[in-house]
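Below you'll find the structure, written out as C-alpha coordinates, and then a few comments.
The values are calculated or read from the model by the stated rules, or taken from the named source; none is laboratory data. Predicted, not measured: the structure shown is a model, and the values here were computed from it. Note that we place each Cβ from the backbone using ideal geometry, even for glycine, and neighbour counts take in every protein chain shown. To get the accessible areas, we keep the full protein, side chains included, count just its heavy atoms, and leave off ligands, DNA and RNA. Shrake-Rupley method; radii C 1.70, N 1.55, O 1.52, S 1.80 Å.
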Amino acid sequence: MSEPLPPLYLAPMAEFTSPPMRVLCEQYGAQRTYTEMVNAEGICRNSAKTLFLLETFPEERHVWAHLYGHDPARLAEAAQIVAAMGRFEGIDLNAGCPVPRITSQGAGSALLKDLPRLEAIVSAVVNAVKLPVSVKTRLGPNPQVPVWREVLQRMEAAGATSVTLHARYTSQGHAGTVHLDTLKAAVEATSLPIFGNGSVVDRATAEAMAATGVKAILIARAALETPAVFQFERGNAHALTEDHLALELRYREKAQAFSRLSPEEATVLTFRRHIFRYFKGLPGANSLRGNLMNLHTLDDIRHAIAAIPGA
Ligand SMILES: Cc1cc2nc3c(=O)[nH]c(=O)nc-3n(C[C@H](O)[C@H](O)[C@H](O)COP(=O)(O)O)c2cc1C
(Lines give C-alpha, C1' and ligand atoms only; values in the text may rest on other atoms or scores of the structure.)
Protein backbone atom coordinates (compact mmCIF):
# COMPACT_ATOMS: atom_id res chain seq x y z
CA MET A 1 0.00 0.00 0.00
CA SER A 2 1.35 3.42 -0.80
CA GLU A 3 1.31 6.16 1.85
CA PRO A 4 -1.41 8.81 1.53
CA LEU A 5 0.40 11.89 0.30
CA PRO A 6 -0.05 15.49 1.37
CA PRO A 7 -0.74 18.04 -1.40
CA LEU A 8 2.08 18.71 -3.84
CA TYR A 9 2.98 22.33 -4.63
CA LEU A 10 5.22 23.93 -7.26
CA ALA A 11 8.13 25.58 -5.39
CA PRO A 12 9.20 29.12 -6.30
CA MET A 13 12.02 29.32 -8.83
CA ALA A 14 13.48 32.65 -9.94
CA GLU A 15 13.23 33.03 -13.74
CA PHE A 16 11.14 29.87 -14.09
CA THR A 17 7.87 29.92 -12.17
CA SER A 18 6.19 32.46 -14.42
CA PRO A 19 2.51 32.08 -15.40
CA PRO A 20 3.12 29.54 -18.24
CA MET A 21 4.99 27.13 -15.96
CA ARG A 22 2.50 27.62 -13.14
CA VAL A 23 -0.53 27.02 -15.38
CA LEU A 24 0.99 23.78 -16.71
CA CYS A 25 1.84 22.54 -13.23
CA GLU A 26 -1.69 23.31 -11.97
CA GLN A 27 -3.05 21.38 -14.96
CA TYR A 28 -0.95 18.40 -13.93
CA GLY A 29 -2.10 18.52 -10.33
CA ALA A 30 0.02 21.04 -8.41
CA GLN A 31 -2.35 22.28 -5.73
CA ARG A 32 -0.50 25.53 -5.15
CA THR A 33 2.12 27.51 -7.03
CA TYR A 34 4.41 30.42 -6.17
CA THR A 35 5.60 33.31 -8.30
CA GLU A 36 9.24 33.87 -9.02
CA MET A 37 11.09 35.68 -6.25
CA VAL A 38 10.01 39.34 -6.37
CA ASN A 39 11.95 42.25 -4.89
CA ALA A 40 9.88 44.21 -2.35
CA GLU A 41 11.84 47.39 -3.17
CA GLY A 42 10.97 47.09 -6.86
CA ILE A 43 7.29 46.71 -5.98
CA CYS A 44 7.38 49.81 -3.77
CA ARG A 45 9.17 51.77 -6.51
CA ASN A 46 6.51 50.68 -9.03
CA SER A 47 9.14 49.17 -11.36
CA ALA A 48 7.43 47.81 -14.50
CA LYS A 49 9.91 44.93 -14.73
CA THR A 50 9.31 43.91 -11.12
CA LEU A 51 5.54 44.20 -11.41
CA PHE A 52 5.66 42.03 -14.54
CA LEU A 53 6.84 39.19 -12.27
CA LEU A 54 3.51 39.49 -10.48
CA GLU A 55 1.41 39.01 -13.62
CA THR A 56 -0.95 36.05 -13.47
CA PHE A 57 -3.16 34.29 -16.00
CA PRO A 58 -6.91 34.26 -15.34
CA GLU A 59 -6.97 30.45 -15.28
CA GLU A 60 -4.56 30.32 -12.31
CA ARG A 61 -6.37 29.25 -9.16
CA HIS A 62 -3.86 28.86 -6.35
CA VAL A 63 -0.92 31.19 -6.79
CA TRP A 64 1.00 32.81 -3.92
CA ALA A 65 3.26 35.83 -4.31
CA HIS A 66 6.84 35.06 -3.22
CA LEU A 67 8.66 38.19 -2.00
CA TYR A 68 12.14 38.99 -0.74
CA GLY A 69 13.69 41.92 1.04
CA HIS A 70 15.47 43.12 4.15
CA ASP A 71 13.45 46.01 5.54
CA PRO A 72 10.28 45.11 7.49
CA ALA A 73 8.50 48.38 6.61
CA ARG A 74 9.24 48.07 2.89
CA LEU A 75 8.15 44.41 2.85
CA ALA A 76 4.91 45.39 4.60
CA GLU A 77 4.31 48.13 2.03
CA ALA A 78 5.05 45.75 -0.84
CA ALA A 79 2.74 43.13 0.66
CA GLN A 80 -0.11 45.66 0.79
CA ILE A 81 0.39 46.50 -2.87
CA VAL A 82 0.44 42.79 -3.75
CA ALA A 83 -2.65 42.04 -1.63
CA ALA A 84 -4.54 44.87 -3.34
CA MET A 85 -3.96 43.15 -6.71
CA GLY A 86 -6.55 40.63 -5.52
CA ARG A 87 -5.08 37.70 -7.42
CA PHE A 88 -2.94 35.93 -4.83
CA GLU A 89 -4.06 33.41 -2.23
CA GLY A 90 -1.28 34.38 0.13
CA ILE A 91 2.15 35.92 0.56
CA ASP A 92 5.28 33.81 0.97
CA LEU A 93 8.49 35.38 2.27
CA ASN A 94 11.93 34.23 1.19
CA ALA A 95 14.40 33.43 3.94
CA GLY A 96 16.38 30.72 2.19
CA CYS A 97 17.94 31.99 -1.04
CA PRO A 98 21.73 31.47 -0.89
CA VAL A 99 22.60 33.58 -3.97
CA PRO A 100 25.17 36.32 -3.07
CA ARG A 101 23.26 39.00 -5.03
CA ILE A 102 20.39 38.47 -2.57
CA THR A 103 22.27 37.69 0.66
CA SER A 104 24.58 40.71 0.20
CA GLN A 105 21.42 42.84 0.60
CA GLY A 106 20.71 41.10 3.91
CA ALA A 107 17.81 39.20 2.30
CA GLY A 108 17.14 35.51 1.58
CA SER A 109 19.23 33.12 3.68
CA ALA A 110 21.09 36.06 5.28
CA LEU A 111 17.97 36.37 7.46
CA LEU A 112 18.89 33.04 9.08
CA LYS A 113 21.81 34.93 10.63
CA ASP A 114 19.54 37.71 11.92
CA LEU A 115 16.49 36.02 13.40
CA PRO A 116 15.11 39.12 15.20
CA ARG A 117 14.96 40.82 11.80
CA LEU A 118 13.29 37.81 10.20
CA GLU A 119 10.68 37.87 12.96
CA ALA A 120 10.20 41.63 12.54
CA ILE A 121 9.68 41.18 8.78
CA VAL A 122 7.08 38.45 9.19
CA SER A 123 5.32 40.34 11.94
CA ALA A 124 5.20 43.54 9.87
CA VAL A 125 3.78 41.71 6.85
CA VAL A 126 1.23 39.79 8.94
CA ASN A 127 0.02 43.07 10.43
CA ALA A 128 -0.13 44.78 7.04
CA VAL A 129 -2.37 42.35 5.12
CA LYS A 130 -5.35 40.07 5.65
CA LEU A 131 -3.87 37.34 3.41
CA PRO A 132 -2.11 34.37 5.02
CA VAL A 133 1.65 34.86 5.27
CA SER A 134 4.10 31.97 5.03
CA VAL A 135 7.89 31.70 5.07
CA LYS A 136 10.24 29.55 3.00
CA THR A 137 13.55 28.84 4.62
CA ARG A 138 16.20 26.25 5.44
CA LEU A 139 17.42 24.40 8.53
CA GLY A 140 20.10 26.99 9.25
CA PRO A 141 23.21 28.60 7.76
CA ASN A 142 25.24 25.36 8.21
CA PRO A 143 25.07 22.13 10.23
CA GLN A 144 26.94 23.82 13.11
CA VAL A 145 24.20 26.47 13.35
CA PRO A 146 20.89 24.58 13.12
CA VAL A 147 18.60 27.48 13.97
CA TRP A 148 15.38 25.87 12.71
CA ARG A 149 13.89 25.43 16.19
CA GLU A 150 14.28 29.12 17.04
CA VAL A 151 13.02 30.05 13.57
CA LEU A 152 9.83 28.05 14.14
CA GLN A 153 9.25 29.64 17.56
CA ARG A 154 9.70 33.10 16.10
CA MET A 155 7.52 32.39 13.06
CA GLU A 156 4.74 31.15 15.30
CA ALA A 157 5.05 34.26 17.47
CA ALA A 158 5.02 36.51 14.40
CA GLY A 159 1.79 34.98 13.08
CA ALA A 160 3.00 33.03 10.03
CA THR A 161 0.43 30.49 8.86
CA SER A 162 2.98 27.89 7.73
CA VAL A 163 6.70 27.40 7.18
CA THR A 164 8.31 25.59 4.26
CA LEU A 165 11.60 23.98 5.16
CA HIS A 166 14.02 23.13 2.38
CA ALA A 167 15.58 20.38 4.49
CA ARG A 168 19.13 21.47 3.81
CA TYR A 169 21.47 24.10 5.27
CA THR A 170 22.41 27.21 3.31
CA SER A 171 25.98 25.89 3.06
CA GLN A 172 24.70 22.91 1.05
CA GLY A 173 23.28 25.00 -1.80
CA HIS A 174 20.92 22.72 -3.71
CA ALA A 175 22.92 19.50 -3.30
CA GLY A 176 23.75 16.88 -0.71
CA THR A 177 21.73 15.20 2.01
CA VAL A 178 18.09 16.16 2.52
CA HIS A 179 17.76 15.92 6.32
CA LEU A 180 14.44 14.12 6.66
CA ASP A 181 15.15 13.26 10.30
CA THR A 182 15.49 16.94 11.14
CA LEU A 183 12.37 17.73 9.11
CA LYS A 184 10.46 15.22 11.22
CA ALA A 185 11.83 16.79 14.41
CA ALA A 186 10.71 20.21 13.12
CA VAL A 187 7.19 18.93 12.42
CA GLU A 188 7.06 17.64 15.99
CA ALA A 189 8.49 20.81 17.52
CA THR A 190 5.74 23.21 16.46
CA SER A 191 2.00 23.49 15.98
CA LEU A 192 2.62 25.43 12.75
CA PRO A 193 1.99 23.45 9.56
CA ILE A 194 5.38 22.54 8.11
CA PHE A 195 5.79 22.02 4.38
CA GLY A 196 8.76 19.96 3.19
CA ASN A 197 11.04 20.52 0.23
CA GLY A 198 14.20 19.04 -1.22
CA SER A 199 14.90 16.56 -4.00
CA VAL A 200 11.41 15.12 -4.32
CA VAL A 201 11.38 13.68 -7.84
CA ASP A 202 8.96 10.73 -7.81
CA ARG A 203 6.46 8.82 -5.68
CA ALA A 204 9.15 7.12 -3.58
CA THR A 205 10.88 10.37 -2.60
CA ALA A 206 7.49 12.01 -1.97
CA GLU A 207 6.46 9.14 0.31
CA ALA A 208 9.72 9.35 2.23
CA MET A 209 9.13 13.06 2.82
CA ALA A 210 5.45 12.50 3.65
CA ALA A 211 6.52 10.11 6.42
CA THR A 212 7.96 13.09 8.32
CA GLY A 213 4.42 14.41 8.81
CA VAL A 214 4.73 17.50 6.61
CA LYS A 215 1.42 19.06 5.55
CA ALA A 216 2.52 19.69 1.96
CA ILE A 217 5.48 18.98 -0.30
CA LEU A 218 7.07 21.52 -2.63
CA ILE A 219 8.72 20.33 -5.84
CA ALA A 220 11.12 22.56 -7.79
CA ARG A 221 13.71 21.12 -10.19
CA ALA A 222 11.83 17.95 -11.12
CA ALA A 223 8.98 20.14 -12.42
CA LEU A 224 11.41 21.73 -14.89
CA GLU A 225 11.93 18.30 -16.44
CA THR A 226 8.20 17.67 -16.59
CA PRO A 227 5.16 19.35 -15.02
CA ALA A 228 3.66 15.83 -15.08
CA VAL A 229 5.83 15.06 -12.04
CA PHE A 230 2.79 16.18 -10.04
CA GLN A 231 1.16 12.96 -11.26
CA PHE A 232 4.47 11.07 -10.96
CA GLU A 233 4.46 10.65 -14.70
CA ARG A 234 6.77 11.54 -17.52
CA GLY A 235 4.15 13.33 -19.66
CA ASN A 236 4.16 13.65 -23.42
CA ALA A 237 7.11 15.87 -24.38
CA HIS A 238 5.60 17.03 -27.67
CA ALA A 239 2.24 17.97 -26.17
CA LEU A 240 3.91 19.66 -23.18
CA THR A 241 6.13 21.67 -25.48
CA GLU A 242 3.24 22.83 -27.69
CA ASP A 243 1.22 23.85 -24.64
CA HIS A 244 4.16 25.62 -23.02
CA LEU A 245 5.09 27.51 -26.20
CA ALA A 246 1.50 28.75 -26.62
CA LEU A 247 1.35 29.90 -22.98
CA GLU A 248 4.78 31.52 -23.25
CA LEU A 249 3.75 33.53 -26.33
CA ARG A 250 0.70 34.79 -24.46
CA TYR A 251 2.88 35.80 -21.51
CA ARG A 252 5.53 37.52 -23.64
CA GLU A 253 2.87 39.53 -25.45
CA LYS A 254 2.18 41.19 -22.09
CA ALA A 255 5.87 42.21 -21.83
CA GLN A 256 5.95 44.28 -24.99
CA ALA A 257 5.93 47.63 -23.18
CA PHE A 258 9.49 47.17 -21.91
CA SER A 259 10.97 44.18 -23.75
CA ARG A 260 13.37 44.60 -26.66
CA LEU A 261 12.44 41.13 -27.88
CA SER A 262 9.35 40.19 -29.85
CA PRO A 263 7.05 37.65 -28.15
CA GLU A 264 8.31 34.98 -30.55
CA GLU A 265 11.98 35.77 -29.87
CA ALA A 266 11.42 35.70 -26.12
CA THR A 267 9.50 32.42 -26.41
CA VAL A 268 12.29 30.82 -28.43
CA LEU A 269 14.80 31.84 -25.74
CA THR A 270 12.63 30.21 -23.10
CA PHE A 271 12.56 27.03 -25.16
CA ARG A 272 16.36 27.09 -25.39
CA ARG A 273 16.69 27.84 -21.67
CA HIS A 274 14.42 25.14 -20.29
CA ILE A 275 11.44 23.88 -22.27
CA PHE A 276 13.80 21.63 -24.25
CA ARG A 277 14.32 19.65 -21.02
CA TYR A 278 10.96 17.92 -21.59
CA PHE A 279 12.79 15.75 -24.13
CA LYS A 280 15.59 14.74 -21.77
CA GLY A 281 16.46 11.07 -22.14
CA LEU A 282 14.47 10.52 -25.32
CA PRO A 283 16.22 9.38 -28.49
CA GLY A 284 17.30 12.52 -30.35
CA ALA A 285 17.32 14.71 -27.24
CA ASN A 286 21.10 15.14 -27.29
CA SER A 287 21.13 16.40 -30.84
CA LEU A 288 18.24 18.75 -30.00
CA ARG A 289 20.31 20.11 -27.13
CA GLY A 290 23.36 20.52 -29.35
CA ASN A 291 21.27 22.38 -31.92
CA LEU A 292 19.51 24.85 -29.60
CA MET A 293 21.51 27.89 -30.75
CA ASN A 294 20.33 27.30 -34.33
CA LEU A 295 16.67 27.55 -33.38
CA HIS A 296 15.47 31.09 -34.05
CA THR A 297 11.75 30.79 -34.76
CA LEU A 298 8.83 28.74 -33.50
CA ASP A 299 8.85 26.93 -36.83
CA ASP A 300 12.51 26.00 -36.27
CA ILE A 301 11.52 24.51 -32.92
CA ARG A 302 8.54 22.61 -34.32
CA HIS A 303 10.71 21.23 -37.09
CA ALA A 304 13.46 20.16 -34.65
CA ILE A 305 11.12 18.39 -32.24
CA ALA A 306 9.17 16.69 -35.04
CA ALA A 307 12.38 14.72 -35.64
CA ILE A 308 12.16 13.23 -32.15
CA PRO A 309 9.95 10.14 -31.86
CA GLY A 310 6.84 10.47 -29.66
CA ALA A 311 7.27 9.86 -25.95
C1 LIG B 1 16.55 27.76 -10.81
C2 LIG B 1 16.09 27.80 -9.38
C3 LIG B 1 15.55 28.97 -8.87
C4 LIG B 1 15.13 29.03 -7.54
N5 LIG B 1 14.58 30.17 -7.06
C6 LIG B 1 14.09 30.20 -5.80
C7 LIG B 1 13.44 31.34 -5.29
O8 LIG B 1 13.26 32.33 -5.98
N9 LIG B 1 12.97 31.31 -4.01
C10 LIG B 1 13.13 30.21 -3.21
O11 LIG B 1 12.67 30.22 -2.07
N12 LIG B 1 13.76 29.11 -3.66
C13 LIG B 1 14.22 29.10 -4.93
N14 LIG B 1 14.82 27.96 -5.40
C15 LIG B 1 14.90 26.78 -4.52
C16 LIG B 1 13.73 25.86 -4.74
O17 LIG B 1 12.48 26.46 -4.45
C18 LIG B 1 13.87 24.60 -3.87
O19 LIG B 1 13.90 25.01 -2.53
C20 LIG B 1 15.15 23.82 -4.17
O21 LIG B 1 15.40 23.76 -5.57
C22 LIG B 1 15.04 22.39 -3.63
O23 LIG B 1 13.90 21.74 -4.19
P24 LIG B 1 14.06 20.65 -5.38
O25 LIG B 1 15.06 19.65 -4.87
O26 LIG B 1 12.69 20.11 -5.57
O27 LIG B 1 14.60 21.35 -6.57
C28 LIG B 1 15.26 27.90 -6.71
C29 LIG B 1 15.80 26.72 -7.24
C30 LIG B 1 16.21 26.66 -8.56
C31 LIG B 1 16.79 25.37 -9.09
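Once the Cα atoms are used to define both axes, helix 115-128 deviates from the longest principal axis of the chain by about 80 degrees.
Between Glu150 and Asp181, what length in nm is gained on full extension when 0.36 nm per residue of separation is reduced by their alpha carbon distance?
Values: separation 31, 0.36 × 31 = 11.16 nm, distance 1.73 nm.
Taking Glu150 through Asp181 to full extension adds about 9.4 nm, to one decimal.
Note on the chain: with charges restricted to the Cβ of Lys and Arg (+1) and Asp and Glu (-1), its dipole about the Cα centre is near 440 debye. Taken about its Cα centre, the stretch 70-124 carries a charge dipole of roughly 160 debye when the Cβ of each Lys and Arg holds +1 and the Cβ of each Asp and Glu holds -1. A simple charge model with +1 on the Cβ of Lys and Arg, -1 on the Cβ of Asp and Glu and nothing else charged puts the dipole of the stretch 171-311 at about 200 debye relative to its Cα centre. With 0.36 nm allotted per residue and the present C-alpha distance subtracted, the Ala208-Lys280 stretch has 23.4 nm of extension available.
When the Gaussian network model of the chain links Cα atoms closer than 10 Å, the mean-square fluctuations of Ala257, Ala83, Ala107 top out at Ala257. Carbon and sulfur: what percent of the stretch 1-81's accessible surface (1.4 Å probe)? The nonpolar share, carbon plus sulfur, comes to 49 percent.
Taking label positions 7 Å along the Cα-Cβ direction at both Arg234 and Val201, the computed distance is 1.5 nm, reported to one decimal. By a straight-distance test (C-alpha under 24 Å), which lysines pair with Lys215 as possible cross-link partners, with residues fewer than eight away in the same chain excluded? Result set, ordered by chain and number: Lys130, Lys136, Lys184. Positive-end ranking of Leu54, Gly90, Ala11 along the dipole of the stretch 1-94, with charges on Cβ about the Cα centre, is headed by Leu54. Other residues whose C-beta falls under 14 angstrom from the C-beta of Leu115 contribute a net charge of +1, scoring Lys and Arg +1 and Asp and Glu -1. Overall form of the chain: oblate. Here a/c, set by the Cα gyration tensor axes a ≥ b ≥ c, is 1.5 or more, and a/b is not larger than b/c. Annotation for the stretch 222-281 versus the stretch 70-127: alpha-carbon center distance of 29 Å. The residues neighbouring Trp64, those whose beta-carbon lies less than 13 Å from its own, together hold a net charge of 0 under the Lys/Arg +1, Asp/Glu -1 convention. Projecting the Cα atoms of Gly140, Trp64, Ser162 onto the charge dipole of the stretch 55-178 (Cβ charges, centred on the Cα centre) puts Gly140 farthest toward the positive pole.
What the stretch 8-231 shows is 37 Å² of accessible area per residue, with the surface traced by a 1.4 Å probe over protein heavy atoms. Computed from label points 7 Å out along Cα-Cβ, the spacing between Asp299 and Leu5 is 4.1 nm.
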